[in-house]
1. Would you check if there is a residue in the range 49-61 being at pLDDT below 75 and small (G, A, S)?
2. Condition test on P145, is it assigned to a loop (DSSP other than H, G, I, E, B) and modelled with pLDDT under 75?
3. Anything in the range 7-29 that is loosely packed, with under 10 Cβ neighbours inside 10 Å and modelled with pLDDT under 80? List them, or say none.
4. Can you give me the number of residues within the range 110-139 that are over 13 Å from the mean Cα position of the chain (by Cα) and either under 23 Å from I172 (Cβ atoms) or polar (S, T, N, Q) (or both)?
5. Within the range 62-76, can you find the residues that are over 17 Å from the mean Cα position of the chain (by Cα) and modelled with pLDDT of 90 or more?
6. Of all residues in the range 163-178, which are exposed (fewer than 14 other Cβ atoms within 10 Å of the Cβ), closer than 19 Å to P136 by Cα and either in contact (Cβ under 8 Å) with a residue 12 or more places away in the chain or touching a Lys or Arg at 6+ places or on another chain (Cβ under 7 Å) (or both)?
7. Can you find a residue in the range 162-177 that is under 30 Å from I133 (Cα atoms) and of a type in the set (K, R)?
Amino acid sequence: MSSDAPAPGWYPDPAGNQGQRYWDGRAWTEHVSAGTWAAGISQPALPDGARVNTVFIWLYVLLPLVSLVASVLQDPAGRMQEAVRRGLEHPGVTTTPVASPGVLLAQLLGLVLYAAGVVLAYFDWSALKRIGIVRPFHWAFAFIPAPVYIIGRTVVLHRRVHKGYAPLWVYIALTVLGIVVGVVELVQVFAALEPVLREIRSTAGTNA
């Protein structure tokens, strides 16, 4: 096979028939398609050992863990308590919220993770095309915040090869975990503010 052979994919049928025929990178296959969604899409069998759950989709799915860990390390309860205490120490001073280094770092991390998600979706899409998935869910949908790309990818793979469900289930599990962690952090914030609020009420009663 020459090095300039076309990549695997759908091409006009060399037999002159209407529609397209699938080229597997070495030879024309028996898989033909009318070339429209209405007529359906013919998905050829994947090579032996081909895996639709690429390393790129797993990295994509696990990206929220980075934000989750960063959120826990920021200690929102401690930061809230410290902010209230500063307000008590300077009651006559009106302060405006100023982005702390931690907040700025969290915002920067969010942008980095967003860009990483788009890049990983592109590599995942490219890998699916290389193993022979016909018209995989397009990577550009990763520009829309998750879980659009993961859901669309799962639906397309289900239609093509009836595989590829695990990343979606893992993403759902991580989403539930994130909600649980968020509720726990909220409870911790209120628990941390309780002694401060008691102090405020006590001070107000003494001054009265």
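The values are calculated or read from the model by the stated rules, or taken from the named source; none is laboratory data. Everything numeric here is computed off the predicted structure, so don't read it as measured data. When we count neighbours, we look across all protein chains shown, and the Cβ atoms used for this are built from the backbone with ideal geometry, even at glycine.
1. No, the range 49-61 contains no residue that is at pLDDT below 75 and small (G, A, S).
2. Here the answer is no, as P145 does not meet what is asked.
3. Correct list: P14, A15, G16, Q18.
4. Total meeting the criteria: 9.
5. Within the range 62-76, none qualify.
6. none
7. yes
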